[in-house]
Amino acid sequence: MRQIVLDTETTGLEPALGHRIVEIGCVELVNRRPSGNTLHHYLNPERDSDEAALEVHGLTRDFLADKPRFGAIAQELLDFVAGAEIIIHNAPFDLAFLDAELARCDLAPFRSHVGGVVDSLALAKERHPGKRNNLDALCDRYGISNAHRTLHGALLDGQLLAEVYLAMTRGQETLAVDSAGDAAAGQLSTGGRLVAALVVSADAAESALHEEVLAGIARECKGQPVWSIG
């Protein structure tokens, strides 16, 4: 499974008023693990940022003056995200800007190029109703350090969101075995009948990670976890 965590920074809040993307960052996950592949660009918006936006990301018009325009990187972006599931925090905001930029390039809306979009903000609100669910609050809730985040940045925020999303959806993976696992195990099922299974013991690092996961679940638990009773 290939997923892309995507974030943008913009000159303001309204693409309908001519506001533009000034930074875009993408982080690739393969089978719920960071692959190390990223895409990152600063972009020349050909306009000033609103003061409030500038306070958020600090990307001045002078800094962005020699950066590429969105049209120059549009195909690279679409190639990178093609067919993947896209994870965005407050997806309607970023999608509105992406669609506006793509329309300027006579390209189809963003969703038509990808396998689907997950709004991690909507997901966080389901998991934690009535609580603050911005990225800083979620980092604090899941024990993810964001001490280096003095200003918003698309790639940095994408990397933090990838960690938050994996923590927030921990335990939601299906029990399906991917094609590589099927090949290693021979053939796990025929006509829905289980015929074989491949068992791989956890190594020391994996066991330590498992304990870390359990500790994270325990912190989120209102009462005492059942596995600690005895």
Computed label-point distance, nm, for sites Ala147 and Met1 using a 7 Å Cα→Cβ extension: 3.3 nm
Hz values of 3J(HN,Hα) by residue in the range 121-137 - Karplus curve (6.51, -1.76, 1.60), Gly and Pro given as x: 5, 4, 5, 5, 5, 5, 6, 10, x, x, 10, 5, 10, 6, 5, 4, 5
Packing-based exposure ordering (other Cβ within 10 Å, fewest first) of Val117, Val164: Val117, Val164
Efficiency of FRET between Ala52 and Phe80 - r from beta-carbon atoms, R0 30 angstrom, step 0.05: 0.50
Protection proxy ranking, peptides 16-23, 125-132, 105-112, average beta carbon neighbours within 10 Å, highest first: 16-23, 105-112, 125-132
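Quote the relative contact order of the range 2-168 in percent (integer), defining contacts as alpha-carbon pairs under 8 Å separated by 6+ residues.
So the answer I get is 26 percent.
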Rounded to whole Hz, the Karplus (6.51, -1.76, 1.60) HN-Hα couplings of the range 31-37, x for glycine and proline: 6, 6, 10, x, 8, x, 7
Translational diffusion of the range 2-168, µm² s⁻¹ [Kirkwood Rh, Cα pairs; Stokes-Einstein; 4 °C; 1.567 mPa s]: 80 µm²/s
Calculated log₁₀ intensity ratio I(q)/I(0) where the Debye formula runs over C-alpha points of the range 29-86, q = 0.20, 0.22 Å⁻¹: -0.86, -0.92
D_trans [Stokes-Einstein, Kirkwood Rh over alpha-carbon pairs] for the range 1-65, 20 °C, 1.002 mPa s, µm² s⁻¹: 166 µm²/s
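Read-outs throughout are calculated quantities, based only on the coordinates presented, and are distinct from any laboratory measurement. Here the structure is a predicted model, which is why all the values come from computation and not from measurement. Ideal geometry is used to build each Cβ from the backbone, glycine not excepted, and the neighbour counts take in all protein chains shown.
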